[in-house]
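Trainee: Questions regarding the structure given below will be posed in turn.
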Amino acid sequence: MRQAIFTACLAASLTAVTAAWTGVVQAALRCDLAYEVFSAATVPPPADLDHHQAVTRAEAEALPDLLDAALSGDDLTLSAPKVTWGGWRWSNSPSIHLQLSAEDSEAGWRQARELAAGLAWLYEQEAVLLACDAPEPADPPERLPRGDLVDSWLVTAEPESFFQSRDSLFAFYASLLAQAGHLDLGYTRLGADFWTVDFAGDLERVLRKATGSFEQLSAGALSFDLQRRPVAVTLVSGDELRPDRPLLQARKTIRERRERLLQSSSSSSPDATSPSETTSQ
């Protein structure tokens, strides 16, 4: 059962797990994977963000069964799925975040891409974000995951409750977009922190302007810290996937489950500002 590969690594921070080396050259792969469960090709998300979050939570809880039935990943260790917030091109919505790791970088990278493609196809997404840690300098070039090596930024706030507030999170993202002057900017909230990838190459300037503005407006009540982390980023689509029978059945099940939840008026509304948004403890 692949459900057994889910590990209790919820407390692992974004920077705590890095490539490990022994006498034999073998890198540990560690990736972040983020995806949504609604798309323009499917039923539109509900206007109520809490209801939208409840549907996303149900899909996160169904992931172990999905792995057993339709998705590959024998060489991967997966964290428990977390329902969090993410954004892209002015849109904020609940998303599911996973951490992936593998002892062998080549096999792990191949299966990480296969998993991302499978999730993209199942949820009819344009793309799924896969961002893997850059290898250690000792790592041979051929082991570098295929993808663009770019900077990502982890923004921590003091007090940490700032990004745990949905309103504050959305306001900070809107400020970034306004400062950047373009739309190709997204984010994922990781725990109490704001994480974003520098696709355009000018994000440090934008982040410093946005954080400085919030610090000034708060009259010293807020402060921010920026941490740079290079990552190999790939936006994986399911366009080239040839679905087999288990995948086809899984997509049908997902559609039916989503329809039932959207039509239900009794869905519980999660606390959007709660520090803990973990789907399993």
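Trainee: Got the relative contact order for region 167-254 handy, in percent, Cα pairs under 8 Å and 6 or more residues apart?
Mentor: Here the relative contact order equals 18 percent.
Trainee: If you don't mind, there's one more thing I want to ask. Ignoring ligands, DNA and RNA, what percent of the accessible area of region 142-247 is carbon or sulfur (1.4 Å)?
Mentor: 47 percent
Trainee: Hey, another quick one. Can you give the FRET efficiency to the nearest 0.05 for residue 257 and residue 161, using r as the Cβ-Cβ distance and R₀ = 45 Å?
Mentor: Approximately 0.85, to the nearest 0.05.
Trainee: Sort 230-243, 58-71 by the packing proxy (mean of other Cβ within 10 Å over each peptide's residues), most packed first.
Mentor: Listed from highest to lowest mean packing, they are 58-71, 230-243.
Trainee: Report in % the part of the accessible area of region 74-116 that belongs to carbon and sulfur, leaving out ligands and nucleic acids; probe 1.4 Å.
Mentor: On region 74-116, the fraction of accessible area on carbon and sulfur atoms equals 42 percent.
Trainee: In addition: Using θ = phi - 60° and the Karplus relation 6.51 cos²θ - 1.76 cosθ + 1.60, list the HN-Hα couplings for region 89-105 in order, rounded to whole Hz, with x at every Gly or Pro.
Mentor: 3J(HN,Hα) across region 89-105, in whole Hz: 6, 6, 9, 10, 7, x, 9, 10, 10, 10, 10, 10, 8, 8, 6, 10, 5.
Trainee: Still on this model: When Lys and Arg each count +1 and Asp and Glu each count -1, what net charge do the other residues less than 14 Å away from residue 223, Cβ to Cβ, add up to?
Mentor: Within the 14 Å Cβ shell, the charges total -4.
Trainee: Label-point separation (nm) for residue 61 and residue 237, each offset 7 Å from Cα along Cα-to-Cβ?
Mentor: Distance between label points: 3.4 nm.
The values are calculated or read from the model by the stated rules, or taken from the named source; none is laboratory data. This is a predicted model, so every value here is computed, not measured. Methodologically, a virtual Cβ is constructed for each residue, glycine included, from the backbone with ideal geometry; neighbour enumeration extends over all protein chains shown. In case anyone asks, the SASA skips ligands and DNA or RNA and just uses the protein heavy atoms, side chains included. Shrake-Rupley method; radii C 1.70, N 1.55, O 1.52, S 1.80 Å.
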